[in-house]
Amino acid sequence: MTRRTVFRVAAAAIALLGAGVISGYLWLRSSLPQEDGGISLAGLDHAVQILRDNHGIPLIRAQSERDAYFALGFVHAQDRLWQMDFMRRVGAGRLAEIVGQPGLRTDRLMRTLGLYRLAEAELAGLDAGTRAAFEAYAAGVNAFLAKHEGAWPIEYYVLRTRPWEWRPADSLVWGRLMALRLSADFRSELLRARLLKTLTPSQIEDLWPNSPESARRAASLSGEALPALAAVRWDAIPQMPPPASASNSLAVSGAHSASGKPVLANDPHLALEAPDLWYLARIEAPGLTLAGGTVPGIPFMVLGHNAEVAWGFSSSEVDSQDLFIERVSDADPSRYVTPDGSLPFITRDEIIKVRGGADVVLKVRETRHGPVISDAVTGAADIPVPAGGNYVVALADAGLRPDDRTPDALYGIDHAKSVDDMTAALSHFDTPPQNIVYADKEGAIALYSVGRVPLRKRGVSLYPVPGWSGEYDWTGLIPFSELPHSLNPASGFLVTANNRWVGDDYPYPLAAYWPASYRARRIAEMFDDLAPLSPAEAAAMQLDTESVAARDLLPRLLAVPAHGAQGQAARKLLSDWDGDMRRDQSQPLIYSAWLLELGNQIVERKLGAAADSAQVADPMVLGHLLRDAPQWCDDPATAAIETCDDAIAASLDRALDRLSRKFGSDPGRWQWGAAHRARFHHAVLGNVPLLDALSEVEIATGGDDSTVNRGTFGAVDSGNPFVHIHGPGLRAVYDLSDLDGALFMIAPGESGNPLSPHYRDFAYPWREGQYLLLSGAGPSGSGTVPGFRQLTLTPEGR
């Protein structure tokens, strides 16, 4: 074969490969939604218009509520089918079916908790209108599946699977998953139990300085409880990733607003993902107008407004879970010990299918407190059988009850016409515990802390507690009317940012630990400066990156002289700094690196194997240790006694050395945004070479964990501990004088399809503090959208 022939063959092969790539790309683009024309669908009663703006956000116009829910299911499936499918797989414990052995750990935990079984049982107990909404929504999803032509979303080809019929239980399991995702209590108890291997109880309390005295008293374990705590293999019990749940909500009365009507703002904080949890939509039907943040997979407006009322959610941080150490009967291992003698475990077998492997039979046991989560490690029923006793660990969780009526609450919220209607709807809100701020056009504002909160014989404990004695048992739930709430306060101002907002006179123990109040303090400061408040000023508050934590902690750090010219230059920069964590400044990077090194030096080295799970750079914890527990600063591995001043100086040296190696020797030229970048991770494609570049979204951001504009960072990248992984995926601002003028923004985009122009087009507007109107206008300052694309859904056969 001549050289010319070889060249021609190679060129032809390359051309064929290129043609194949182009053809494959064009085929995959057929997975994008049809946005205009018409589609006839079985299950519709009347024609529905779906109008999309130039960001792909739908306005649904239906002639009945049922058709509106049907259409929402249809458009969710158009844009977010894989996300919906993945969510129900997680909740049903069916990941291993498509990913093999790596999915087993999650599947075992989900099957042990029985989330999907609970979702199936839940439907029958809901009100008729709520059930009808779920059934109509499922019909809309299935209508899309039946009519779909062309490619499925790319994730289906990567994992070699296909979607199956949508059921109402698939929607209901979302609420169960969110309750688990937003509840930190059993994770915290598990972590503290692990820490008891290396720390004393007083040292552990130092790491949770905001624990109420009642929780410290309840943690005074004695008798068999202490050896049981020591005997259980806590490191083997499955633990989900830290919830890092948060959010900001505020409402001001008309007396403090520019319009004379209430202004409400809400920005829920969750893990940054691509696609994000939220999906913007506007829905219009006779007697129903809704706009705001929906969640693909469920039929309701979760955060937003209707024609009369606006509302927002934030995590209340109350304790709704307990880990109970159960003693297995010595005489009969099929029974466990209670105050009234032994009882048999309730048992069932779960069959988990595993791609590429044999089915796994998981033997699930339950006690009177809840499912035995220590069995979920391998599926065997004999995991924790250490010397000194035969113990298992059960999870008591107010979110694991079959009679959950939270869907009825969401339906009622969407239909509320006043603050009083909202309060009535919230009486059905069972899980997860939330602070809900709401306001109506008549001028009322309110805050209600909702959800099932257990009444305990000995209050809220910091640690897992013995189940055999009965002394830590739950005795009921706090009545709804006695949960913390406030209606039209004299101050005309309500704020909740996961802080404790009830006074010392509140009669019931609520939490084992309260997060710091930094964000709430900063919001109150800004309100004092900005009142009367306009929507633009409320939006500016959401974008604030000034750190109250830095203002509190820096004077102690800067009281220690710095070493060398670089240390003195860094110290001068911080001395002149106002605490604003702007992405274009060097001080936030120096400060954050200093805190991280200080936490590593005085906290992490004492934690042993549990260090990866602890928040070693929490400014509230570090401030407490430096001020009230200086013994933490001494390194027991050395003969010398180190002071906190020694630790502060040494940690700054190490921080500057690490930053210099990465960003150069001049601290004045460093920028926070070079290290602090919001990373929207795709759970599947983000782990596939080449496709990760298509699916991952990353952008430089400001803020940190304590700022109102949340910029929580975590060590997801071994080369950069400052990757921004958690923050406000949705922002919303409502003026009750003009609800059609409500402001919204999500990130990174409306679509869940990486091939869509709307997959990442909100990342920059979100970062820059732009907002959208859900009535046809684009990001603030960008002008008017020229028009909508219109898709008409019509009943099949008409």
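The values are calculated or read from the model by the stated rules, or taken from the named source; none is laboratory data. Just so it is clear, the structure is predicted and the values come from calculations on it, not from any experiment. Counting neighbours? That spans all protein chains shown, and the Cβs are built from the backbone with ideal geometry, glycine included. To get the accessible areas, we keep the full protein, side chains included, count just its heavy atoms, and leave off ligands, DNA and RNA. Shrake-Rupley method; radii C 1.70, N 1.55, O 1.52, S 1.80 Å.
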*Test for Tyr448: is it out of contact with any Ser or Thr (no Cβ under 6 Å at 6 or more places or on another chain) and either among the hydroxyl-bearing types (Ser, Thr, Tyr) or closer than 22 Å to Asp738 by Cα (or both)*: yes
*Enumeration of residues in the range 158-175 that are out of contact with any Asp or Glu (no Cβ under 8 Å at 6 or more places or on another chain), in contact (Cβ under 8 Å) with a residue 40 or more places away in the chain and closer than 26 Å to Asp430 by Cβ*: Trp166, Asp170, Ser171, Val173, Trp174
*Filter the range 449-480 down to residues that are more than 19 Å from Trp501 (Cα to Cα) and among the polar types (S, T, N, Q) and give me whichever is least open to solvent (accessible area, probe 1.4 Å).*
Ser461
*Please give the strands (runs of 3 or more DSSP E) falling wholly within the range 231-334 in which 2 or more residues are of a type in the set (S, T, N, Q), open to solvent by less than 10 Å² (accessible area, probe 1.4 Å) and in contact with a Ser or Thr (Cβ under 9 Å, 6 or more places away or on another chain).*
246-252, 309-315
_Is it the case, given these coordinates, that Leu180 is closer than 30 Å to Leu691 by Cβ, hydrophobic (A, V, I, L, M, F, W, C) and touching a residue at least 24 places away in the same chain (Cβ under 8 Å)?_
yes
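Anything in the range 481-493 that is farther than 23 Å from Tyr513 by Cβ and either outside any helix (DSSP H, G or I) or open to solvent by less than 50 Å² (accessible area, probe 1.4 Å) (or both)? List them, or say none.
Leu487, Asn488, Pro489, Ala490, Ser491, Gly492, Phe493
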*Please tell me if Arg117 is in a helix (DSSP H, G or I), at negative phi and either under 21 Å from the mean Cα position of the chain (by Cα) or touching a residue at least 12 places away in the same chain (Cβ under 8 Å) (or both).*
no
_Looking only at residues that are at pLDDT below 95 and among the small types (Gly, Ala, Ser) in the range 359-388, which one is surrounded by the fewest Cβ atoms within 10 Å (Cβ to Cβ)?_
Ala387
*Could you list, in sequence order, all residues of the range 184-213 that are under 20 Å from Thr431 (Cα atoms) and either out of contact with any Pro (no Cβ under 6 Å at 6 or more places or on another chain) or outside any loop (DSSP other than H, G, I, E, B) (or both)?*
Asp185, Phe186, Arg187, Ser188, Glu189
*Kindly indicate whether Ala674 is under 30 Å from Pro754 (Cα atoms), without any contact (Cβ under 8 Å) to a residue 12 or more places away in the chain, among the aliphatic types (A, V, I, L, M) and part of a helix (DSSP H, G or I).*
no
*Can you give me the number of residues within the range 335-380 that are outside any strand (DSSP E or B), of a type in the set (D, E, K, R), under 18 Å from Gly114 (Cβ atoms) and touching a helix residue (DSSP H, G or I) at 6+ places or on another chain (Cβ under 7 Å)?*
2
*asked:* Consider the range 156-206. How many of its residues are at pLDDT 90 or above and of a type in the set (Lys, Arg)?
replied: 4
*Give the range 57-72 a look and list any residue that's open to solvent by less than 10 Å² (accessible area, probe 1.4 Å) and in a helix (DSSP H, G or I), or say none.*
Asp67, Ala68, Phe70, Ala71, Leu72
*Please determine, by comparing only the residues of the range 452-480 that are β-branched (Val, Ile, Thr) and part of a loop (DSSP other than H, G, I, E, B), which one is farthest from the chain's Cα centre (by Cα).*
Ile478
